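As structure tokens, the structure follows; a few thoughts come after it.
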Amino acid sequence: MFLLIETIACVDGKLQNLFWHTLRVNKSRSILFNATNKLSLEKTPLPDFVQKGKWKCRILYDQKINGVSFEPYIPKKVKTLKLIESDIEYSHKYQDRSAIDELFAQKGEADEIIIIKNGLVTDSSIANILLFDGRGWLTPDTPLLEGIMRAQLISKKVVKPKKIKASDLFKYKKIMLINALNPFNESNAINLPKALVR
């Protein structure tokens, strides 16, 4: 049986955004395993060593939680991105990331990839994508995985979903990669189109 993974930011001994993580975990359990009971991530045991600093908490689960681990969070520096075409399916956060890893291996000298599916912008290998058009922030309405940070930003109307073609990327001024450990922060935005490499 395959496992799913939920990656949660733990800051100074507190798990972040548990409402959104719990929502996604139980939605995936319902769709993939027909689970009707709800898991509560608030009961996740926290070791003493995570009481200071920022940590990456990984929860492995299927119908039940199978394991919890923590590791120090080291942010990834991304300055360049390469477009990679694929028909990959990754609508749930599977533990097996081999298909994504194969795409990432094609990045060449770029730091990160932008996955293009059916001509449309989806995600990077590790994050959802936000794009700035000079007036506001948009996010592709065709993500591979609906991330919790993206869902929050949409619900708060900070960003707006839009169908974005790969051929339209040059029209945008900035790109930002967001996930559970990388919240919205305009200082992390990368200038377009010069960040795109062949």
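Every number in this text was worked out from the coordinates using simple rules, so none of it is lab data. Just so we're clear, the structure is a prediction, and the values are computed from it rather than from any experiment. Because the Cβ atoms are built from the backbone with ideal geometry, glycine has one as well, and the counts that use them run over all protein chains shown.
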Extreme residue, positive dipole direction of segment 81-197, given options 175, 145, 196 (C-beta unit charges): 175
Cα convex hull volume per residue for segment 95-160 (Å³): 104
Overall dimensions of segment 4-72 as given by Cα atoms, namely Rg and Dmax in Å: 12.1, 38
Rounded to 5, percent antiparallel among DSSP beta bridges of the chain: 75
Size of electric dipole in segment 4-72: Cβ of Lys, Arg +1 and of Asp, Glu -1, about Cα centre, debye, nearest 20: 160
Range in the chain, longest, excluding exposed GluC sites (Glu not before Pro) [loop by DSSP; at most 12 other beta-carbon atoms within 10 Å]: 110-198
Under the Karplus curve 6.51 cos²θ - 1.76 cosθ + 1.60, θ = phi - 60°, whole-Hz ³J(HN,Hα) for segment 167-173, x wherever Gly or Pro sits: 5, 8, 4, 5, 7, 8, 8
Proxy reagent accessibility, fewest Cβ within 10 Å first, across 11, 78: 11, 78
Long pairs among 77/171; 79/194; 14/56, criterion Cα-Cα beyond 19 Å: 77/171
Karplus (6.51, -1.76, 1.60) ³J(HN,Hα), θ = phi - 60°, over segment 98-112, in Hz, Gly and Pro reported as x: 4, 5, 5, 4, 5, 5, 4, 5, 8, 6, x, 8, 6, 7, 8
Contact order normalised by residue count of the chain, Cα under 8 Å, 6+ apart, percent: 19
Mean residue ellipticity (222 nm) of the chain, computed from DSSP H runs ≥ 4 via -39,500 (n - 2.57), nearest 500: -4500 deg cm²/dmol
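Can you compute the charge dipole magnitude of the chain about its Cα centre, using +1 on each Lys and Arg Cβ and -1 on each Asp and Glu Cβ, nothing else charged? Give it in debye, rounded to the nearest 20.
680
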Ordering of 28-36, 172-180 by burial proxy (mean other Cβ atoms within 10 Å per residue, highest first): 172-180, 28-36
Shape category assigned to segment 37-85 from the gyration tensor of Cα positions, a/c cut at 1.5: oblate
Between segment 2-35 and segment 79-152, the Cα center-to-center distance that results, in Å: 20
Label of the coordinate-derived value, volume of the Cα convex hull per residue in Å³, listed as [x] 124; [y] 192; [z] 132: [x]
